[in-house]
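Comments concern the structure below.
The values are calculated or read from the model by the stated rules, or taken from the named source; none is laboratory data. The shown structure was predicted, so the numbers you read here are calculated from the model rather than taken from an experiment. Using ideal geometry, Cβ is built from the backbone for each residue, glycine included, and neighbour counts are taken over all protein chains shown. We work out accessible area using only protein heavy atoms, side chains counted, and drop any ligands, DNA or RNA first. Shrake-Rupley method; radii C 1.70, N 1.55, O 1.52, S 1.80 Å.
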Amino acid sequence: MLVIFGLSSCAIRKYVPEGKSILIDYQIVNDSTNFNISKSELTSHIVQKPNRNLFGWLPRVWVYYKTIKKTDKGFYRWINTNFGVEPVYYSSVFTADSKRQMEIYLENTGFFKSTVETSQTEKRKRSKVVYRIKPETPYKIREVNRKIYDSTVAQDIHYIDNEMLVRPGDNYDVFTMDKERTLITTHLRDNGYYYFTKDNIKYEVDTNLMAKQADVTLRINGDNHYKYKINKVFIYPDFDVQNKNTMQNDTVAYTFSWSKNDPTHRFYFISTRKPNVNFKTFNQVIQIHEGDYFSQKKVSQTYRALGSLKLYNLSNISFDTIASGNDSVKLLNCIVTLQKDKIHYYNIQLEGTNSGGDLGTLGSFSYRNNNIFRGSEVFRITFRYGFQAQRVENFVVNEGLFNTQEFSAEASITFPRFLSPINLHRFVSEYQPKTMIATGYNMQIRPMYNRYIITASYGYNWMSTSTIEHYLTPINLNAVKVLPSDIFEELLSMETNQRIKDQYTDHLILGLNYSFIFNNQNVKKTNDFVYFKFDIETSGNLLSLLNNTPIIKQTDNYHEIIGIRYAQYLKFQFDFRFYHYFRNKNMLALRFAYGQGIAYGNSHDIPFEKSFYAGGTNGMRGWQFRTLGPGEFNNEWGVNMEHIGDLHIESNIEYRFPLYGMVKGALFSDIGNIWTLSDNESFPGGQFKFNKFYKQMALDAGFGIRVDFSFFLIRIDMAIPLYDPSYSESERWRAGKLQLQNIGWNFGIGYPF
């Protein structure tokens, strides 16, 4: 492939017309080290962007040249359209336009009279343009004054003096002034000024050329910027846009109060028939109330809350001005129209399964109700049943082809409101939390054992800002009951690894989980963004308070409830990711993850299902799932076992780039491992030690192909282990000793991170 790309790149020259050259790159150079000028902002002003290239190669341009004269034929037209791209020829006109746009940007950021020089270099009919910035000393703001003729507006703006962005001593910057206009407008519209817009705000600038200073005056003309109050709130819970002019509506006044000391709120519900929704559903959702000043923030919060009501697929909020008979008080009527979505959803699936060569089938049925209690509560229930032909070596068990069965039932309800005995009105109004209740039952019939699992959880989810999300699950139950066969029970009695034994013995987890997520990605723009997630969970602390009571019994130095030993541990982990965009839709993705679990009290180890692992399609891709580590442990006996640990460190780097149309490529490398916190005879060499853990960090590298269908992505990654800590220290670098079977192939849906 590399040879073909290289030859095709050279062959392009003969297709380039005489007197033209292909633009392949540009560079922005700042001649002054004293002034920091954003190159990313300057890049946005470049009019002519070069062709996308793969390490200097132009395979898509080559395809375009080879097929452009044959597009009268269907096949070549398809190749040209989907795999070719028209070359971008260097243009002095576009370069001059870019130069002017950059100089305008420099003036807007205070670098008056600065210049941009351009130069072009051409080699083998390929051009590169250099934009050399020659900045002058930027103008500084000396004074900031205000001329606001409406005294009420002036007083309201005074409340945000500490938040103002245009300040003396800062560089003159038109973009900062525009942000301040947005800040002022947002504040005023949140405090009753319904008709106020950014256009009402002007800036006057007086410059001193000798001192390179500027005096800025904020001006808001006019003295009739009225504040508006809400008169009435009308809600149409079953609005029909097609018959809106012929509907005969009934109006019902509904009142409520959060507590005895809070004011009474009133909504007017208008519908053609009895609406199939409880009016109290809107207590938390509608943030616009009679007598309050108009607030754009409250409107946005209401839209966001309405969006969480799965009963409706479309909502609209509008306002009508009404006469009040008092010029000093202006009134608005609020109209909320809601269009209903379907209430019932069904889904049936049948699929084949292949687990390590064991074939089987799995069927599922799921049902969803978007208004189970007439409050837009979402009820989901799913049933799954499957069977499999599982191979069991050296033992004769359960005759028949399909010797493995599994049945599960899961049910959940999501309430679009906060269910709590504690009145947290302000928290509820600001963050619109949801309450989630879930339970499940799983039955596994295996050749060697039967396992029964019961799960239950109760928790909350809310967004504190547009970038920060919280999940709090104060009740999280997982109870496991295992009935092993006589043969398997004998095998377990010889097992020394407690975590492995825990998979097949009774245990109970009752704890609390909390997750914090920060994500500042803007889906409308390709800007750099950060993703950070922190999880913490505990188990057994509440139950431990009941030790030495009739509820909790002690058996063999451990405590049990209803005959099952409960787990007690603390586990936390965080996942940090940074995404940087280059031009031509190339991206660099970085990730660092750390996790640790600590068992104490009623547990010697954290439960198997809560342990950390390394390897697999979303982590250390040079190793298969749960086959790396812990530490320098070497499974020299080849025993089929899952490698687990108490501590996890991993870092990944991936460079993503487009290839052809929806086909994308990636170069990546992963480094990391897991460790146990104490010495474990099942994993010799797996204990974490500060003086040697860095020598036990595994390393891999690879190449990936991804097919992006927009709504989902198929991924195939090929990785090779470069440094394997399971070997002796002198043998750990494996680059020169790799064989074909050492290549790790990973198939996945979606990006690994």
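For the range 645-680, residues that are assigned to a strand (DSSP E or B), surrounded by fewer than 19 Cβ atoms within 10 Å (Cβ to Cβ) and not β-branched (Val, Ile, Thr) total 9.
Pairing each residue of the range 151-173 that is closer than 16 Å to Asn191 by Cβ with any residue that is polar (S, T, N, Q), provided the two are 6+ apart or on different chains, yields C-beta distances under 8 Å for Asp156/Asn191.
So which strands (runs of 3 or more DSSP E) stay within the range 214-293 end to end and still have 2 or more residues that are more than 30 Å from Lys202 (Cα to Cα) and open to solvent by less than 20 Å² (accessible area, probe 1.4 Å)?
Because the criterion is at least 2 residues that are more than 30 Å from Lys202 (Cα to Cα) and open to solvent by less than 20 Å² (accessible area, probe 1.4 Å), the strands (runs of 3 or more DSSP E) in the range 214-293 that meet it are 228-236, 265-271.
Could you grab the pairs with beta carbons closer than 8 Å, sequence gap of 6+ or different chains, first residue in the range 417-428 and over 13 Å from Asn283 (Cα atoms) and part of a loop (DSSP other than H, G, I, E, B), second one open to solvent by 70 Å² or more (accessible area, probe 1.4 Å) and acidic (Asp, Glu)? So the pair list comes out empty.
Tell me whether the range 178-192 contains one or more residues that are more than 35 Å from the chain's Cα centre (by Cα) and either at pLDDT below 90 or open to solvent by 30 Å² or more (accessible area, probe 1.4 Å) (or both).
Filtering the range 178-192 down to residues more than 35 Å from the chain's Cα centre (by Cα) leaves none.
No.
Among the numbered conditions (1) within 33 Å of the chain's Cα centre (by Cα); (2) free of Cβ contacts under 8 Å to residues at least 40 places away in the same chain; (3) under 22 Å from Gly84 (Cα atoms), the only one that Lys39 does not meet is (3).
Applying the condition of being small (Gly, Ala, Ser), outside any strand (DSSP E or B) and under 35 Å from the mean Cα position of the chain (by Cα) to the range 539-584 and asking which residue is nearest to Asn618 (Cα to Cα) yields Ala567.
Within the range 479-538, being closer than 21 Å to Phe612 by Cβ and part of a loop (DSSP other than H, G, I, E, B) holds for Glu495, Thr496, Asn497, Tyr504, Thr505.
Of everything in the range 429-469 that's among the small types (Gly, Ala, Ser) and free of Cβ contacts under 8 Å to residues at least 60 places away in the same chain, which residue is most open to solvent (accessible area, probe 1.4 Å)? So, considering only residues that are among the small types (Gly, Ala, Ser) and free of Cβ contacts under 8 Å to residues at least 60 places away in the same chain, the one most open to solvent (accessible area, probe 1.4 Å) is Ser466.
The condition of being assigned to a loop (DSSP other than H, G, I, E, B) and modelled with pLDDT of 90 or more holds for only one of Phe683, Phe690, that being Phe690. The residue that is nearest to Phe111 (Cα to Cα), among those in the range 202-216 that are in contact (Cβ under 8 Å) with a residue 60 or more places away in the chain and in contact with a Lys or Arg (Cβ under 6 Å, 6 or more places away or on another chain), is Gln213. Taken over the range 153-177, the criterion of being acidic (Asp, Glu), within 27 Å of Asn208 (Cβ to Cβ) and surrounded by 15 or more Cβ atoms within 10 Å (Cβ to Cβ) is satisfied by Asp170, Asp173.
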